[in-house]
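Laboratory data are not the source of any read-out in this text; all were calculated from the coordinates shown. Values in this document were obtained by computation on a predicted structure and should not be read as measured data. Positions of Cβ are backbone-derived with ideal geometry, glycine not excepted, and every protein chain shown enters the neighbour counts.
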Amino acid sequence: MKKLLISIFAFGVLSLLLYNCSDSSDESSTSSIEASKFRKAGDPIIIGYVDSGSNYVVYTDSVRYIKQQWETNYNTTITDFSIEKTKTVASPEDPNDQGGNDVFLIVAKTSGGYRIAMAISKPSNNFLAPADPTFSVACSGCPQGCNIEPYGGNGRLKYRCADPCSTCTKTETLTNAPTPTN
C-alpha cells in the first residue's frame, strides 16, 4: 500500500512539472530592452526599427553608447539622432564602382553644426549597430550643414563630405562596438 501511495504521489508531482513546463502562454516575447540583458560581447545591438507607418524609429536608450563616444571623440553635444536611408556615390578610388547601393546610416546632429554618421544594417524590420569597431565620420564647417556621402573603397565603406558651401571638413574616428549592459 505504501508503494502505491508513493507511486501516485510521484506521478502527481511529475504531471505537475510537465504541465508547468509546457504552459502555452507566450512568455518568449520579451522587449528589446529585456532581451539586451542577455546579450554577449560581440552580439549586435538593436538601435531602431521600422514602425507600421514605414518610419524609422531610434531607440534612444540603445544609442547612448554611440552618443557618449561621439560626444567625446568630436568634442560636441548631440541634439538629435535619426536613421537615414541613402545611396552610395561613385567611388573616387574605384572607377568600376558607380555607386547606387542602398546604405542605412545612424546620423547625429549637434549644436555645433556637425553631422556625424555610421553605417548600420537592417536584416529585417530592426536596425543593428555593428558588432565590431567601425569608422564613423563627422562633417562640419558649413552653417547649412554638410552632407555625408558614403562610397565603397578597398573593401570597406568610406565617407566624404559634400558641402553646399565648400567649407566642410571631414573627421573619421573609430567607434567601438557596444558592450553588454547588465
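For region 44-132, just say rounded, prolate or oblate: build the C-alpha gyration tensor, square-root its eigenvalues into a ≥ b ≥ c, call rounded for a/c under 1.5, and beyond that prolate if a/b exceeds b/c, oblate if not. Oblate.
Modelled this way, with points 7 Å down the Cα-to-C-beta line, the labels at Thr173 and Val50 are 3.2 nm from one another.
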